[in-house]
1. Residue by residue through segment 28-37, what is 3J(HN,Hα) from phi via Karplus (6.51 cos²θ - 1.76 cosθ + 1.60, θ = phi - 60°)? Round to whole Hz and write x for glycine and proline.
2. Relative contact order, percent, of the chain when contacts are C-alpha pairs under 8 Å separated by at least 6 residues?
3. Under a Cβ-Cβ cut-off of 14 Å, what is the net charge of the residues other than W37 that fall near it, where Lys and Arg count +1 and Asp and Glu count -1?
4. Using the Cα centre as the reference, give the magnitude of the dipole from point charges on the C-beta atoms of the chain (Lys, Arg: +1; Asp, Glu: -1; all else neutral), rounded to the nearest 20 debye.
5. Hey, in the GNM for the chain with a 10 angstrom Cα cutoff, which one of Q89, Q65, Q29 fluctuates hardest?
6. What percentages, rounded to whole numbers, describe P(r) for segment 2-82 computed over all alpha carbon pairs with 5 Å bin width beginning at zero?
7. Among E33, E11, E86, determine the one that fluctuates most according to a GNM of the chain built with springs between C-alpha atoms less than 10 Å apart.
8. Show that you can apply the helix-only estimate: for the chain, add -39,500 (n - 2.57) for every DSSP H stretch of four or more residues, divide by all residues, and state [θ] at 222 nm to the nearest 500.
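Taken together, the values in this text are just the output of simple stated rules run on the coordinates, not laboratory data. Since the structure is predicted, the reported quantities are computational estimates derived from the model, not experimental observations. In this analysis, Cβ positions are derived from the backbone assuming ideal geometry, glycine residues included, and neighbour counts consider all displayed protein chains.
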Amino acid sequence: MTTISPENAEELYESEDGETVGPWTRVTQIAHEARRWMQGYSLILRDEAGALWALDYDLGLTEEQPHELPWENGEAVGLTRVYAHEVVQVEYRPVPPKGGERP
């Protein structure tokens, strides 16, 4: 496990995909693990060597639920090493695909 400074974590959270802060580049943000009052997210970051890391946090789904942002306590934030896996997904739409209808 490696860590990131709370300042860099917050700046990357507020930045756009592709932006660089210190030695980190923001790759994307992924929503996962929806719970009753919270939505889990991972901010995917790339280090200077090209390795990918996840910074996990939760956002409240109502104005009464607090966000749980791990950098708010002022301490270094732990990152989890992650690896990219390509996934093919089929979508179903009410219009035929380009090139006509397929069986």
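1. Listing the rounded values in order: 6, 10, 10, 8, 7, 6, 6, 10, 4, 10 Hz.
2. 25
3. Its environment carries a net charge of -3.
4. 740
5. Q89
6. 3, 16, 26, 26, 17, 9, 3, 1, 0
7. E86
8. That comes out to -2500 deg cm²/dmol.
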